[in-house]
Amino acid sequence: EAGVVQSPRYKIIEKKQPVAFWCNPISGHNTLYWYLQNLGQGPELLIRYENEEAVDDSQLPKDRFSAERLKGVDSTLKIQPAELGDSAVYLCASSLELAGYNEQFFGPGTRLTVL
Amino acid sequence: KNQVEQSPQSLIILEGKNCTLQCNYTVSPFSNLRWYKQDTGRGPVSLTIMTFSENTKSNGRYTATLDADTKQSSLHITASQLSDSASYICVVSANYGQNFVFGPGTRLSVLP
C-alpha cells in the first residue's frame, strides 16, 4: 500500500513569490493534516480536514496561507507571498480511526527555502 | 495550555548501549500518547501508542512507559544500532483523539 505522497520534495524560491505544495493521502483516509516543522522542533498543525471540510484552521496564517482539499482526497497548500520566515518543512499526514484512536501516517515532507 | 516537553534535547551514545528518553506533558483531556521516530529528511513514523490504561508497550528494542498520574512517559532503547540515529518525538493526543500536541523531539546520535 502506498504511503502519503508529497511533492515537490524540495522547493527554493525568492521572497514574495508564490509557492504550492501537493499531498495525496493514503487511500481511504478521511482526515488530512498539514503541519509546519522548523529545524529541531516538532510539527505544528496548520490545518486539519475531515473529507472536504476544514475543521481546524485556527493556526493557519490566512493572510498568506490557503489550502484546499477538493473531492476530499488530494490537498494543496499555498503560500502567497512567501516570506523568509516561511522556510521550513511542510508535512502532510492522513489518518484512519483504528480501535478508537486516530493513527497518523506522515508523508516525507516538502522542504521550502525562501531566499 | 496543552504542552509537551522532552529531554534531553540531544543525546550521543555508542552503538550497543541503552538509552532512555523522557517526555512530560500537560494535556487534557488526555486521549493517548505516541512516540514517533523521524529520520533526517523523512516524515515521522509511529513506534508505540499508549492509552490511559496502559503503562508499558514494546516494539522490538523500543519500550515505552506511561505514568498517567505524573504525566510522564519514557522511551527506552535497548542495544542501540546506528540506524537508531534519528529524532524521537513524543505526541499526546487530546480531545478524544482529534488534536495532537507534539513535543520538540530528542535528537539521538548513535556512534560506532
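So A:ILE79 fits all but one of (1) within 8 Å of chain B (Cβ to nearest Cβ); (2) in contact with an Asp or Glu (Cβ under 8 Å, 6 or more places away or on another chain); what number is the exception?
(1)
Would you point out which residue out of B:GLN81, B:GLN72 is within 18 Å of B:GLU5 (Cα to Cα), away from every other protein chain (no Cβ under 12 Å) and in contact (Cβ under 8 Å) with a residue 40 or more places away in the chain?
B:GLN72
Need a quick list: strands (runs of 3 or more DSSP E) entirely within the range B:10-112 having at least 1 residues that are at pLDDT below 95 and among the aromatic types (Phe, Trp, Tyr).
Result: B:30-38, B:99-102.
Can you tell me which residue is surrounded by the most Cβ atoms within 10 Å (Cβ to Cβ) among those in the range B:17-34 that are among the hydrophobic types (A, V, I, L, M, F, W, C) and closer than 17 Å to B:LYS1 by Cβ?
B:CYS23
Can you work out which of the residues in the range A:12-47 that are more than 14 Å from chain B (Cβ to nearest Cβ) and in a strand (DSSP E or B) is surrounded by the fewest Cβ atoms within 10 Å (Cβ to Cβ)?
Checked the range A:12-47; the qualifying residue surrounded by the fewest Cβ atoms within 10 Å (Cβ to Cβ) is A:ILE12.
A quick yes/no check of all residues on (1) touching a residue at least 24 places away in the same chain (Cβ under 8 Å); (2) within 10 Å of chain B (Cβ to nearest Cβ); (3) under 23 Å from A:GLU14 (Cβ atoms):
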site	(1), (2), (3)
A:TYR49	yes, no, no
A:SER87	yes, no, yes
A:SER95	yes, yes, no
A:PHE106	yes, yes, no
A:VAL114	yes, no, yes
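The values are calculated or read from the model by the stated rules, or taken from the named source; none is laboratory data. Just so it is clear, the structure is predicted and the values come from calculations on it, not from any experiment. Note: ideal-geometry Cβ built from the backbone for every residue, glycine included; neighbour counts use all protein chains shown.
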